[in-house]
Amino acid sequence: MKRKIILSCLFLLVFTFGRFASADESIKVDNVHVRTWNKFATDTLALHEKLITEIPHSVKTKLGGYAGKPEFYKEDSYYAKNNDKLISRVQWERENSANLHAIEVFIRDVQGRVMRDYTAAYLPAYRNAPIQTLVSFHEYNGELHAFRSFDASGDRIVERCTGTLKGKDVNLLLDEDEIYAAIEGRSNVMEQADYQACFKGMPQAPGKYLSPQ
């Protein structure tokens, strides 16, 4: 679900050229952002390479893209042979095969559940820095599954929780603005029982895990 949300946002951005240009100009003048987010992408790729060296795996490949460029990238998905769980998914531009387009890497617990995952994605153009970076923490409380995502600069970007609590369905989704409204006391969502049950034990900040390495 998280990946669908992230990639849906990315696909919308891909076809809004004016926003590309303005986003790119803002990134150009922020050298710290450029270095930090590119390093995050490079480190996520290094983590992927480390895991597939250590874990016996199989690979499934497909092509994907966008309107007008239906085969823009090649996507390789790596699955652990012992449990068929997804280790990582990497997309490379087909016309410029050295260009990473998007990557997601999963860190799992002994039960095979995702504990953390790392995501970085570039636009098809304006590649001076990724358009999206995320480190996400996952928590499993009873029949609830929650995740909290931070970008490579350490900003809290999205929170999501689904499942059931005391027999009732839970379906929470907070974007960055809603999160900070609650933190600043302009919303009481974080005081609600379902929110607290969902995010019990979840880190409030990425800490050392902000680096994929």
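The table below gives the values:
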{"read-out": "Given (1) farther than 27 Å from residue 145 by Cβ; (2) modelled with pLDDT of 95 or more; (3) aliphatic (A, V, I, L, M), index of the condition residue 21 fails", "value": "(2)"}
{"read-out": "Residues of region 161-206 classified as among the hydroxyl-bearing types (Ser, Thr, Tyr), farther than 26 Å from residue 119 by Cα and not in a loop (DSSP other than H, G, I, E, B), total", "value": "1"}
{"read-out": "Members of region 51-74 that are in a strand (DSSP E or B), out of contact with any helix residue (DSSP H, G or I) (no Cβ under 7 Å at 6 or more places or on another chain) and surrounded by fewer than 16 Cβ atoms within 10 Å (Cβ to Cβ)", "value": "58, 59, 60, 61, 62, 63, 69, 70, 71"}
{"read-out": "Which listed residue is buried (at least 18 other Cβ atoms within 10 Å of the Cβ) and of a type in the set (Gly, Ala, Ser), from 149, 153", "value": "149"}
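To keep it simple, each residue is scored yes or no on (1) hydrophobic (A, V, I, L, M, F, W, C); (2) touching a Lys or Arg at 6+ places or on another chain (Cβ under 9 Å); (3) at pLDDT below 95.
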site: 163; (1), (2), (3): no, no, no
site: 169; (1), (2), (3): no, no, no
site: 177; (1), (2), (3): no, no, no
site: 185; (1), (2), (3): no, no, yes
site: 205; (1), (2), (3): yes, yes, no
site: 208; (1), (2), (3): no, no, no
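Residues are listed down the side, and each one gets a yes or a no for (1) assigned to a strand (DSSP E or B); (2) out of contact with any Asp or Glu (no Cβ under 8 Å at 6 or more places or on another chain); (3) without any contact (Cβ under 8 Å) to a residue 60 or more places away in the chain; (4) surrounded by 16 or more Cβ atoms within 10 Å (Cβ to Cβ):
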| position | (1), (2), (3), (4) |
| --- | --- |
| 78 | yes, yes, yes, yes |
| 96 | no, yes, yes, no |
| 118 | yes, no, no, yes |
| 126 | no, no, no, yes |
| 130 | no, yes, no, yes |
| 135 | yes, no, no, yes |
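The values are calculated or read from the model by the stated rules, or taken from the named source; none is laboratory data. Everything numeric in this text was worked out from a predicted model, so none of it was measured. All Cβ positions, glycine included, derive from the backbone under ideal geometry; neighbour counts span all protein chains shown.
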